[in-house]
Amino acid sequence: MSKKQKNILLILGFILALVICYQFAISKTLQQKKEFKILSQEELLFENAPKQLLLLKQKEVYFDSFLIKYQLDGSSIQNNLLKTINSLAKDTNLKVVSFLEPHIIIKNDLTINTYEFIVEGSYNEINQLIYRLEQQSKFGEIINLHFEKKKNFRSRKYYLEASVLLRNFG
């Protein structure tokens, strides 16, 4: 064998040795390094778990206080709204004439509920009801308030009727 052939065999043997070393040692080392990084990240998550649990419990207490403050129990918003309107109407001598089913619109994964109800009473009492609904109960925003003066032909007396549209995003 000539020197040239020996050098070629030496280079091919060296390349073959590198391939074999990569297959049996280096690739497994790189795989173990990736696995180590993943396990290290999971360890950090488990170390933070008690802190996150404490934060979640605090948030739960905070949100429960909102539910109690705004008189929201486990039932639907429509039932809570009607209950609130009735209690406020009783306090201010208003009469709830009608409460219609909500109009529901789904747009871009956002549900918009529009509730319509009609109350009867004096102007100041109706305004007080609207103020309490918007500012104190946080059911949504009043998007339309239409006052109409009507006459009761039997008693020949006039009364004020307000049609209210309340919009809620859910």
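Table: residues versus (1) of a type in the set (D, E, K, R); (2) touching a Phe, Trp or Tyr at 6+ places or on another chain (Cβ under 8 Å); (3) modelled with pLDDT under 85.
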| residue | (1), (2), (3) |
| --- | --- |
| C21 | no, no, yes |
| K28 | yes, no, yes |
| E42 | yes, no, no |
| I68 | no, no, yes |
| L72 | no, yes, yes |
| Q78 | no, yes, yes |
| L81 | no, yes, yes |
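Restricting I85, I106 to residues that are among the β-branched types (V, I, T), out of contact with any Phe, Trp or Tyr (no Cβ under 9 Å at 6 or more places or on another chain) and outside the structural domain of D64 (by TED's automatic domain parsing) narrows the list to I106.
The values are calculated or read from the model by the stated rules, or taken from the named source; none is laboratory data. Fair warning: this is a prediction, and the values are worked out from it, not measured in the lab. In this analysis, Cβ positions are derived from the backbone assuming ideal geometry, glycine residues included, and neighbour counts consider all displayed protein chains.
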